1. What's the total number of residues in segment 163-192 that are part of a helix (DSSP H, G or I), without any contact (Cβ under 8 Å) to a residue 60 or more places away in the chain and either farther than 28 Å from Pro35 by Cβ or open to solvent by 10 Å² or more (accessible area, probe 1.4 Å) (or both)?
2. Could you please give the count of residues in segment 60-103 that are under 16 Å from Met153 (Cβ atoms) and within 16 Å of ligand 1 (Cβ to nearest atom)?
3. Could you run through segment 90-129 and say how many residues are open to solvent by less than 70 Å² (accessible area, probe 1.4 Å) and not in a helix (DSSP H, G or I)?
4. So which of Ile72, Ile65 ends up being more than 14 Å from ligand 2 (Cβ to nearest atom) and in contact with a Phe, Trp or Tyr (Cβ under 8 Å, 6 or more places away or on another chain)?
5. Examine segment 51-58 for a residue that is under 17 Å from the mean Cα position of the chain (by Cα), within 23 Å of Asp204 (Cβ to Cβ) and at pLDDT 95 or above, and state whether such a residue exists.
6. Looking at segment 194-234, which of the residues that are among the polar types (S, T, N, Q) and open to solvent by 10 Å² or more (accessible area, probe 1.4 Å) is farthest from His8 (Cα to Cα)?
7. Restricting the search to segment 1-56, which residues are closer than 21 Å to Arg76 by Cα, open to solvent by 70 Å² or more (accessible area, probe 1.4 Å) and within 16 Å of ligand 2 (Cβ to nearest atom)?
Amino acid sequence: MILVKDVHKTFGNLEVLKGVSLNVNKGEVVVIIGPSGSGKSTLLRCINLLEVPTKGEIYIEGVKINDKKVNINKIRQKVGMVFQHFNLFPHLTALENVTLAPIKVKKMDKKAAENIALGLLEKVGLVEKKDEYPIKLSGGQKQRLAIARALAMQPDVMLFDEPTSALDPEMVKEVLNVMKGLANEGMTMVVVTHEMGFAREVGDRVIFMDDGMIIEEGTPEDIFYNTKNERTKEFISKIL
Ligand code: ADP
Ligand code: MG
């Protein structure tokens with residue numbers, strides 16, 4: 001589903017990704033952990049073409065996406081992204097946040113887009129909030145809305161960048177539950193999170209990144225309890 005081959009990313013003279021290779025199978029849930037500044041967000045942003053790798057190749061379902069000929073909008077439709085700070089459209093209602101891209105990008109008619117959106121709002125438990133603006137929603141509700149919005153494009157892959165780290169503790173669970181539901185439905189997911197419970201329960205694989213590289217990867221049990229690498233060990237001891 002996703003193939004990342006020796007990806008490098010440089011900002012000015014700062015090399016943020018130093019040759020990352022990664023393979024995500026259909027239906028797999030891959031959890032990425034690692035210290036702040038290790039390049040986790042940059043890697044996700046490269047997979048969604050919010051950043052263009054300086055070197056290396058990224059394939060989504062066999063299509064090389066970092067290629068000048070590629071239609072960026074087509075790729076973004078396949079790859080949904082959820083951000084730490086929600087990035088909702090503040091001037092649009094919950095329903096409009098979900099219907100905007102299908103109407104604008106997929107040229108779906110308004111009624112059809114609304115029907116799909118209502119189903120998705122139902123799925124994330126927000127149907128009764130459909131006419132509210134984001135400012136009226138709690139953090140957990142905002143993030144669930146952001147998930148519904150990403151799903152509206154019917155992506156094949158969902159990327160989550162620390163989706164619960166800006167939330168008050170009591171709201172973390174409602175967001176993780178929506179994500180677990182998605183995983184159980186077979187969605188292919190790459191999730192940057194330090195939520196160990198989530199990683200252990202739904203993660204098929206955990207990847208530890210440090211300093212722009214993948215240092216260690218394995219099953220959640222391997223990474224959390226049979227850690228091999230010293231840097232991984234040190235990091236795990238801080239989040240455990
Ligand atoms: P993480 O998500 O693991 O905390 P990031 O991928 O956000 O790490 O950042 C890795 C490094 O790249 C950091 O040093 C950060 O300051 C730098 N960085 C990220 N985006 C940019 C950018 N657009 N311009 C310059 N430096 C950036
Ligand atoms: Mg980050």
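1. 12
2. 4
3. 8
4. Checking each option against the conditions leaves just Ile65.
5. Yes: one or more hits.
6. So, considering only residues that are among the polar types (S, T, N, Q) and open to solvent by 10 Å² or more (accessible area, probe 1.4 Å), the one farthest from His8 (Cα to Cα) is Asn226.
7. Arg45
Yes/no per residue for (1) outside any loop (DSSP other than H, G, I, E, B); (2) touching a helix residue (DSSP H, G or I) at 6+ places or on another chain (Cβ under 6 Å):
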residue	(1), (2)
Lys26	no, no
Val31	yes, yes
Ser36	no, no
Leu50	no, no
Pro53	no, yes
Asn66	no, no
Val70	no, no
Gln77	yes, no
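The values are calculated or read from the model by the stated rules, or taken from the named source; none is laboratory data. What you are looking at is a predicted structure, and each value in this text was computed from that prediction instead of being measured. With ideal geometry, Cβ positions are generated from the backbone for all residues, glycine too; neighbour counts draw on all protein chains shown. All accessible areas refer to the heavy atoms of the entire protein, side chains included, with ligands and DNA or RNA removed. Shrake-Rupley method; radii C 1.70, N 1.55, O 1.52, S 1.80 Å.
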